[in-house]
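A.B. asks: Mind having a look at this structure? Questions to follow.
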Amino acid sequence: MKDVELLVVGGGPAGLSAAASAAEAGVNVLLCDRSFRLGGQLIKQTHKFFGSEKQHAKTRGFRIAAELEASLAVPGNPAETWTEATVVGLYPDRVAGVLHRDRYEKMRFRACVLCPGAGERYLAFENNDLPGIVGAGAVQTLMNVHGVLPGKKVVMVGSGNIGLIVAYQLLQAGVRVEAVLEASPKIGGYKVHAAKLARLGIPIRTQTSVLRAEGSDHVERVVVSALDSAWNPVPGTEETIECDAVCVAVGLTPLHQLAAMAGAEMKYVPELGGMVPLLDSARETSVPGLFCAGDASGIEEASAAIVGGRLAGLSAARYLGKPHPEDSRLREDLTTQLRILRSGPFGAKIRAGAAKAEVERHA
Amino acid sequence: MLEKNGIPTPEQVKSVFPPEALLVRAKAVLECYEEIPCNPCETNCPAGAIHIGEDINARPVLDAKKCTGCGICVGVCPGLAILTVSLKGEDAVFQIPWEFLPVPKEGDVWIGTDRAGRPLGDAKILRVRDAKGGDRTRILTVSLPRQHLYDFVTVRCPE
Amino acid sequence: MKAFYDIITLNGTREDDNLRIERHPILDFPETKTLRFTFEGRPVEGREGDTVASALHAAGVWKLSESQKLHRPRGFYCAIGNCSSCHMVVDGIPNVKTCITPLRAGMDVRIQAGKGVLK
């Protein structure tokens, strides 16, 4: 069995940051990602990121991915990476099962940083399984990674940041966006994203939802309806919108499976999007040597994933007896960055959620 | 209404406009109406004219006297929420970000639109340049009759 | 005034059935090698860098599998390997997540109708 000092699961912004952080401290890192490219969801983000310069603000997502990937090449101690490597098992006796292309490998790890990210939520409506009805991430993958249009006429469901941003990216790719539908009375995401759409004449329709999709082999139209203040469809307000793709952007939920399998204490925290491992301030789970960062620890932003990942990497290095030479300074700076990112009105939910998932533990 | 359809009210728009008397030179209009954690406008302004501070959630505030209208903030704002405005005789002249194809050419006449996407009339494209540090964002310098000073926000290619 | 999306000429062509982006305001899509494979025995072309699912999508094939009991048409949903909606039989192997499987020349890709059977 292969011996690994630090296994990092997931090569998105959190995993890449954790791996770089730990590698800088002299830890031997193996990072596994199930995709054929590193960067997680960043590789498909064409918009410029928010936050501060410490979190790569004003840089387009896919360039941040490249920068983070480059940071793995720590002089003298580069992190090793495996792509097309799905960690299918994480066992309490510190063994990981990895499906690497068509080989199943078992490895023993001394510490692990779990950054598997999140999965798309689904929206229940009649015929929601028709081809052409896809998640927002799927639309971005198709367009921005493969250069393939998802369709020619899209209805966007969901007005959170993802829905608003992807609607804009659809326009940039040359796709008609018929409307952005939002079930609640208010737009969910940043108003600057909504304003970018409004000025192009794209209707954002609040208190509107999809009743059903129609089509034979793929979606050809949706029937939408107004909702009342109790979220019920208002009879008589049905309207048909012709489309060939529906993009569902109704939120993400943490991928909890590996943390639970490894024996970490988990908790259902709605503000964080679902099941998350309980973490202390060093981002360690209840399993010593098992750390967690990124969307798997709570749905947030890439900026928070980067900061949380760096913190988890520092903690893993310290756990392994190889603390980063600037551990306390970096730790304090990262903790401050996270606090500032979360301190505005949009951070209220995260703060509430993080408080529920945080425990005091001897780090 | 901003929260329902992404369109700010005329009052909200006026609240972030510098006084007209200062518009002999181009000045930035920071249409950032919400507190979100973000500060590239502040950190990239070469004149130090934008203030956010330690808490990056604070809304940016423009010191219009320091602003030189260079347009760097227009190109770096991740929300594409900034434009510059100036008054030149009968015209209002704007610098706006542009991230679509086709890209207009200098001398083209496109259609100016307001924040709801409604047409305002002809918009003359005076200049097209790459935004400095803007990574494929273009800056369009556009002029319209000055009556559209508070309405104009972007352009659309004519048929 | 025409709607915004009717004016922008992006993928370089106005043909309705072309789903490949040729020009993009932010990204570059350099032309890559054509990879020939088969779908249900029929020849299809994809590009180097495609996944099986993206190549099929560009070729107009959106139905990738059928549901187990009601044989409803299914396509991909998440496109990152989470939801298992995109399972197809590739080179005889079932339950292949086509959304994260890189396309290789000569692949034999078939609709998976129901549960995958490993022969």
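The values are calculated or read from the model by the stated rules, or taken from the named source; none is laboratory data. Being a predicted model, the structure only gives us computed values, none of them experimental. Cβ: placed from backbone, ideal geometry, glycine included. Neighbour counts: every protein chain shown. Heavy atoms of the whole protein, side chains included, go into the accessibility calculation; ligands, DNA and RNA do not. Shrake-Rupley method; radii C 1.70, N 1.55, O 1.52, S 1.80 Å.
A.B. asks: Taking the stretch A:32-67 as the search range and keeping residues that are aliphatic (A, V, I, L, M) and either open to solvent by less than 10 Å² (accessible area, probe 1.4 Å) or part of a loop (DSSP other than H, G, I, E, B) (or both), which one is farthest from A:LEU149 (Cα to Cα)?
C.D. replies: A:ALA57
A.B. asks: Please go through the stretch B:121-136 and give me each residue that is more than 10 Å from every other protein chain (Cβ to nearest Cβ) and touching a helix residue (DSSP H, G or I) at 6+ places or on another chain (Cβ under 6 Å), ordered by number.
C.D. replies: The answer is B:ALA131, B:LYS132.
A.B. asks: Something else: Where in the stretch A:280-363 are there helices (runs of 4 or more DSSP H), lying wholly inside it, with at least 1 residues that are at pLDDT 95 or above, of a type outside the set (Val, Ile, Thr) and under 29 Å from A:VAL74 (Cβ atoms)?
C.D. replies: Where helices (runs of 4 or more DSSP H) fall fully within the stretch A:280-363 and carry at least 1 residues being at pLDDT 95 or above, of a type outside the set (Val, Ile, Thr) and under 29 Å from A:VAL74 (Cβ atoms), they are A:302-319, A:327-341.
A.B. asks: Where in the stretch C:57-115 are there strands (runs of 3 or more DSSP E), lying wholly inside it, with at least 1 residues that are open to solvent by 50 Å² or more (accessible area, probe 1.4 Å)?
C.D. replies: The qualifying strands (runs of 3 or more DSSP E) are C:93-97, C:108-113.
A.B. asks: Kindly list, by first and then second residue, each pair from a residue in the stretch A:57-83 that is within 14 Å of chain B (Cβ to nearest Cβ) to a residue that is assigned to a loop (DSSP other than H, G, I, E, B) and among the β-branched types (Val, Ile, Thr), limited to pairs with Cβ atoms under 6 Å and residues at least 6 apart or on different chains.
C.D. replies: A:ARG60/A:THR46
A.B. asks: For the stretch A:69-156, give me every one of the strands (runs of 3 or more DSSP E) that falls completely inside it and has 3 or more residues that are within 22 Å of the chain's Cα centre (by Cα) and of a type outside the set (Lys, Arg). Break it down into steps so the answer makes sense when it comes.
C.D. replies: Details: elements: A:80-82, A:85-91, A:95-100, A:103-114, A:118-120, A:133-135.
Output list reads A:85-91, A:103-114, A:118-120, A:133-135.
A.B. asks: Being in the same structural domain as A:PRO13 (by TED's automatic domain parsing), crowded, with 24+ Cβ neighbours inside 10 Å and not hydroxyl-bearing (Ser, Thr, Tyr) narrows it down to one of A:ALA304, A:ALA348, so name that one.
C.D. replies: So the residue among A:ALA304, A:ALA348 that is in the same structural domain as A:PRO13 (by TED's automatic domain parsing), crowded, with 24+ Cβ neighbours inside 10 Å and not hydroxyl-bearing (Ser, Thr, Tyr) is A:ALA304.
A.B. asks: For C:ARG42, are the conditions met, namely being of a type in the set (D, E, K, R), out of contact with any strand residue (DSSP E or B) (no Cβ under 8 Å at 6 or more places or on another chain) and more than 10 Å from every other protein chain (Cβ to nearest Cβ)?
C.D. replies: yes
A.B. asks: Among the residues of the stretch B:8-30, write down those that are touching a helix residue (DSSP H, G or I) at 6+ places or on another chain (Cβ under 8 Å) and more than 22 Å from B:LEU140 (Cβ to Cβ).
C.D. replies: Those that are touching a helix residue (DSSP H, G or I) at 6+ places or on another chain (Cβ under 8 Å) and more than 22 Å from B:LEU140 (Cβ to Cβ): B:THR9, B:GLN12.
A.B. asks: Those residues that are of a type in the set (A, V, I, L, M, F, W, C), open to solvent by less than 20 Å² (accessible area, probe 1.4 Å) and closer than 22 Å to B:GLY75 by Cα, I need them from the stretch B:1-37; list them, please. Quick ask: steps written out before the conclusion?
C.D. replies: Within the stretch B:1-37, the first condition is being of a type in the set (A, V, I, L, M, F, W, C), and the residues that meet it are B:1-2, B:7, B:13, B:16-17, B:21-24, B:26, B:28-30, B:32, B:36.
If we keep only those that are open to solvent by less than 20 Å² (accessible area, probe 1.4 Å) too, we end up with B:2, B:13, B:23, B:28-30, B:36.
The answer is B:VAL13, B:LEU23, B:ALA28, B:VAL29, B:LEU30, B:ILE36.
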